[in-house]
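Let me begin by presenting the structure, written as structure tokens, before commenting on it.
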Amino acid sequence: MNILVINCGSSSLKYQLINMKDESVLAIGLVERIGLDGSRLKHEAAGKDKKVIEVPMNNHKEALTEVLDALVSKEYGAIESLSEIEAAGHRMVHAGEFYSSSVIITDDVMEKVEECIDLAPLHNPPNITGVKAIMELLPSIKNVAVFDTAFHQTMPAESYIYPLPYELYEKYGLRRYGFHGTSHRYVSQRAAEILGKDIKDLKLISCHLGNGASVDAIDGGKSVATSMGFTPLEGLAMGTRCGDIDPAIVTFIMEKENLDIKGINNLMNKKSGVLGISGISSDFRDIEDAAADGNERATLALNTFDLRVKKYIAAYAAVMGGVDAVIFTAGLGENSADNRKNICSNLEFMGIEIDEELNKVRGKEAIVNKEGSAVKVMVIPTNEELMIARDTLELLK
Ligand code: AMP
């Protein structure tokens, strides 16, 4: 069975066609600048050359039409006919408190996701557009929604409630939801497989460190605490997001800098994080290079980032009453040995001992702790697309 995995952003669309017989990727691609000048599709089928197609794509339906054409292209396609696509799995961001696992998409599901638009105004609308486009273009296949928030629905109330008037939770659903759930679920399951243990017997801390970043405490396979909150702004410092700050700073800056709601949101989401501190870039590679050249603010940005991750690891070990393995994943977590080393330094007291030699690894699965370290330290590249395809297959069975 071939499953098309789709991840729609506001002006972008990522896809993979996965053959579930052996979980091999038949084709992978990305559409950029949907609805803007210069829209283009980058497509690559297994064993064939990369193809870049530059045509105007005014909306997600037009983009998906190009994607489907590319998938069946004689020259650079992956399948002969669209009938070889048996289902679509959609990455959806926010399901509020409605779903704690993936679901087959029905009218009722679409209504629920629309109800959650207030909670994810940037993400849910393009997700919905993508599903509707596939329903029109491939009307005979089933669609499955895999939500970023679903995995975290197992958090106990004390983990998700904010110390604000309780009525606001009742009125607006104001609570911690958490994000990156599909990634945290994938790497935690993979960690259990690699360690040869039942996930029910493991206490894991998953550090998804990319442009967006979050830490998750996973006890017995269930998310029990996570650093992102009501929105993906809370928690760690990120590429451009500020993460945890004193809430009083918000009104202080608004007053001093004469910012309205849009302005302050823009500042906290787009101009903060390691970009804000370093003044250089949101890309950790640029910041690491600058730090190596002696730029003090670049070093400060990296140290600030690492210190936050360290604090969350220690806090989440306390939440679970211990930790068996710390997992690093996503762009930075998978690739940056220096960051992993700095994050783990000073955590020896709680049995986390990283091995500098083993830690010199990039983008592949590895156990990087010292022999005898009480806590395993693991690098596990995330694979949200595969998780989405697996959920889709499972629901179709
Ligand atoms: P993601 O959001 O998971 O795609 O991760 C993107 C982030 O990972 C960017 O900030 C990159 O700078 C960072 N990243 C990717 N590769 C490396 C690397 N080799 N060293 C340091 N950071 C990296």
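Results, tabulated for the structure shown:
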| item | result |
| --- | --- |
| Orientation-averaged projected area, Cα convex hull of segment 256-384 (nm²) | 10.1 |
| Relative contact order for the chain, counting Cα pairs under 8 Å that sit 6 or more residues apart, in percent | 13 |
| Cross-link pairs beyond the 20 Å C-alpha cut-off, checked among LYS51/LYS74; LYS42/LYS271; LYS14/LYS112 | LYS42/LYS271; LYS14/LYS112 |
| Mean Cβ neighbour count within 10 Å, used as a protection proxy, ranking 105-111, 313-319, 328-334 highest first | 328-334, 313-319, 105-111 |
| Cross-link partners of LYS222 among lysines (Cα-Cα below 16 Å; sequence separation of 8 or more within a chain) | LYS197, LYS200, LYS203 |
| Residue-wise HN-Hα coupling along segment 186-194, computed from phi with Karplus coefficients 6.51, -1.76, 1.60 (Hz; x: Gly, Pro) | 4, 5, 5, 5, 5, 4, 4, 4, 5 |
| Environment charge of GLN153, counting only residues whose C-beta is closer than 10 Å and scoring Lys/Arg +1, Asp/Glu -1 | 0 |
| Ranked by how many other beta carbons lie within 10 Å on average, peptides 380-391, 300-311, 275-286 from highest | 380-391, 300-311, 275-286 |
| Dipole moment magnitude, nearest 20 debye, the chain about Cα centre, only Lys, Arg, Asp, Glu C-beta charged | 180 |
| Mean residue ellipticity (222 nm) of the chain, computed from DSSP H runs ≥ 4 via -39,500 (n - 2.57), nearest 500 | -11000 deg cm²/dmol |
| Residues of segment 126-159 with amide N under 18 Å of a point placed 7 Å along Cα→Cβ from GLU170 | 157-158 |
| Distance between segment 1-32 and segment 46-102 - C-alpha centres, whole angstrom | 6 |
| Amide hydrogen neighbours beyond the local backbone of LYS376, cut-off 5 Å, H modeled | ALA325, VAL326 |
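FYI, it's all coordinate maths here, none of it is from the lab. On a predicted model such as this, the values are computed, not experimentally measured, just so you know. Backbone-built Cβ (ideal geometry, glycine too); neighbour counts: all protein chains shown.
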